[in-house]
Amino acid sequence: MAKRIGVLLSGRGSNFEALADSIVAGRIPAAEIALVISNREGAPGIARAQERGIPVRVMPSKGLEREVYYRMIVAALDDARVNLVCLAGLCGCCRPISLRRFR
């Protein structure tokens, strides 16, 4: 069974693209990107994911308490049945966290 990857990004998405390209090329076998989440509407990485047909969620964090926002992220990842999370670069949507804490 393929690992379902969730990618969190806030910018260009160059690390997301490298991951997606590696999956397509077979360098990361039995994996698929199931969801891309961004805290920034209009982040170029969103368009890159959409061009590849990957589901995207934009979840602005502004004005939300950190714990509330992280619970929203975990719920979206759970809905997409993600079992591996990748932070694409210095992702602005998450400070260092343990998503396990919010499950």
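Readers should treat all values here as calculations from the given coordinates under stated rules, not as data from a laboratory. Everything numeric in this text was worked out from a predicted model, so none of it was measured. Cβ placement follows ideal geometry from the backbone for every residue including glycine, while neighbour counts extend to all protein chains displayed.
Below is a table of values for the structure above.
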quantity: Calculated from backbone phi, Karplus (6.51, -1.76, 1.60) coupling profile of segment 32-41 in Hz, x at Gly/Pro; calculated: 8, 8, 8, 6, 10, 10, 10, 8, 10, 5
quantity: FRET efficiency, residue 75 to residue 25 (Cβ-Cβ, R0 35 Å, nearest 0.05); calculated: 0.65
quantity: Shape of the chain, Cα gyration tensor, a/c cut at 1.5; calculated: oblate
quantity: Residue-averaged 222 nm ellipticity for the chain, from DSSP H runs of 4+ at -39500 (n - 2.57), nearest 500; calculated: -9500 deg cm²/dmol
quantity: Between segment 47-72 and segment 1-39, the alpha-carbon center distance in angstrom; calculated: 15
quantity: Inter-probe distance in nm under a simple model that places probes 7 Å from Cα toward Cβ, at residue 85 and residue 2; calculated: 2.2
quantity: Segments 40-48, 3-11, 59-67 sorted - mean Cβ within 10 Å per residue, highest first; calculated: 3-11, 40-48, 59-67
quantity: Contact order relative to length of the chain, as percent, for alpha carbon pairs under 8 angstrom and 6 or more apart; calculated: 39
